[in-house]
Amino acid sequence: MISLNPAKLNRCDWFIIVWVLYYLQGVLYPTGGAISIGLLGINLLVSFFCAIKIWQMPHHPPYIKGLNLLVLMFSIYGFALILMNPSTIYYSMGGKSMPSYNYIKAIYLSILPIYAFYYFSLKGYLTAERLRWWAVVFCISCVVSYYHNMQQALLKLMERGSSREEITNNVGYIFLSLIPIWALFRKKPLLQYAGLAFCMAFILMGMKRGAILIGGVVVLYLIWQIISNARGKQRFIVLLLTVALAVAGVYFVIDLMTSSDYFLQRLEATKEGNSSGRDSLYSFFWTYFTEKADAIQYLFGRGANGTLDIYENYAHNDWLEIAVNQGLLGIAVYAIYWKQFYATWRQSTNIEAKTILALVGIIYFAKTLFSMSYGDMTYVCTSVLGYALATYKKPNLE
């Protein structure tokens, strides 16, 4: 159990606490102020320090090599953008202004903590037991973020004169990233199923179709793993819990369909093939890359945020986004990154680590196809991923 005595918290506990506080900006303190900048600065510095420590060590999972290459590429392009535009950039196509550091900030915020959690796990500061206790805090933090985001979105709708009471809540993706942590409760199936039910309930209420689709796949995968690894009486209990979860899920969806007009609208839009404008996005960027990019742009891209130079929105597909921004070079680096992720999963011998890697891989590879992936990982997921990378070849404890 994690002691509430500050003197007994280790450095990884404090690292996680800072992330929890950072993601609660807007709830505990104003968004974008000195507090959030300070918290982010502290943890990015810690992440850089841990990355340097990792780079000085031999013998890492293949994934770390792919991650190193990805971080190097994004760093070069991100800092080139800052050097060329030291302050704010105005993108005329979409009428957007943003600080030039936003590009690299989002990527570092997403993937740099992997080094820190991997390092802390190697040093024994982050363990399965501690992560199981932190799962409770993660759940509370996600719920707070969910309702805060919903409240803010509804307030904006009211300001525009809308009387809508339901929204599509992007925080549903955070609950999706929480699913891998339940692989650590292998010996407590009741808690595993409760955790899955909790996550899927909020994913469904969030009404993000991509999150619902991926959530359904990873929940089925985890349940299959749970059943496969269960023995004797535990298998009977697991099968009963599976049936209970399925029944509860059906009733929950039926209740949503009868009580939420917006949920029915989202279902109908899905049936009609409504892709929220992604078809036109993909067509535009694919046509640009294959027909309009010059030789340099084809090989090396337009640079960071190149998609905003030519269109009013991001590509919402990692492969197209990278194709426009970093060209064939970027696609090759990104393909290597995922190849190394797959190689790490294949080489894993630890049951929990292999399951976590599979869940993280399914979630974030699927997101590369219709959302943002490399710039959208949270500490909720990277903490578990870092632990899995450190233990992927450790003996299984029965």
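The values are calculated or read from the model by the stated rules, or taken from the named source; none is laboratory data. Every value quoted in this text rests on a predicted model; they were computed, and no experiment measured them. Every residue, glycine among them, receives a Cβ derived from its backbone with ideal geometry; neighbour counts consider all protein chains shown. SASA here: full protein model, heavy atoms, side chains in, ligands and nucleic acids out. Shrake-Rupley method; radii C 1.70, N 1.55, O 1.52, S 1.80 Å.
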Quiz item: For segment 242-355, which whole-number percentage of the solvent-accessible area (1.4 Å probe, protein heavy atoms only) is attributable to carbon and sulfur atoms?
Solution: 61
Quiz item: Which aspartates and glutamates, on any chain, are close to LYS105 with Cα under 13 Å apart, when same-chain ones fewer than 8 places away are left out?
Solution: ASP376
Self-check item: Once the Cα gyration tensor of segment 82-149 is diagonalised, semi-axes √(5λ) in Å
Solution: 35, 20, 6
Quiz item: Which residue, THR270, THR307, THR168, tops the fluctuation ranking in a GNM of the chain built on C-alpha contacts under 10 Å?
Solution: THR270
Exercise. Lys and Arg at +1, Asp and Glu at -1: add these up for the other residues within a Cβ distance under 14 Å of PHE74 and post the number.
Key: -2
Quiz item: Quick one: what do you get for the chain if you divide its Cα Rg by 2.2 N^0.38 Å?
Solution: 1.00
Practice problem: Quick one: of LYS339/LYS394; LYS233/LYS393; LYS339/LYS393, which pairs are farther than 26 Å apart, Cα to Cα? | Solution: LYS233/LYS393
Quiz prompt | Fluctuation leader among GLU312, GLU159, GLU321 - the chain, Gaussian network, Cα springs under 10 angstrom | solution = GLU159
Exercise. Hey, can you find the accessible area per residue of segment 105-258 for me, probe 1.4 Å, expressed in square angstrom?
Key: 47
Quiz item: In whole angstrom, and with the biggest value first, how far do the Cα coordinates of segment 261-398 range along each principal axis?
Solution: 56, 48, 22
Quiz item: Between ILE237 and ALA197, what length comes free when the chain is fully extended (0.36 nm per residue of separation minus the Cα-Cα distance, one decimal in nm)?
Solution: 12.8 nm
Quiz item: Contour minus end-to-end for ILE336 and ASP279, with contour as 0.36 nm per residue of separation and end-to-end as the Cα-Cα distance?
Solution: 17.8 nm
Exercise. Express in % the proportion of alpha carbon pairs of segment 1-113 at distances exceeding 17 Å.
Key: 66
Quiz item: In nm, to one decimal, how far is the modelled label at HIS59 from the one at ASP255, with both set 7 Å along Cα→Cβ?
Solution: 5.1
Quiz item: Which sequence of SER228, SER75 reflects their accessible areas, 1.4 Å probe, from the largest down?
Solution: SER228, SER75
Exercise. With a/c under 1.5 counting as rounded, go ahead and sort segment 63-218 into rounded, prolate or oblate using the C-alpha gyration tensor (a ≥ b ≥ c being the square roots of the eigenvalues; past the cut-off, prolate if a/b is larger than b/c, else oblate).
Key: oblate
Quiz item: Cα to Cα, under 18 Å, and not fewer than 8 places away if on the same chain: which aspartates and glutamates meet these conditions relative to LYS292?
Solution: ASP309, GLU312, GLU321
Practice problem: Could I have the simple spin-label model distance between LYS188 and TRP133, label points 7 Å from Cα toward Cβ, reported in nm to one decimal? | Solution: 1.2
Quiz prompt | Cα centroid separation, segment 313-370 to segment 86-157 (Å) | solution = 18
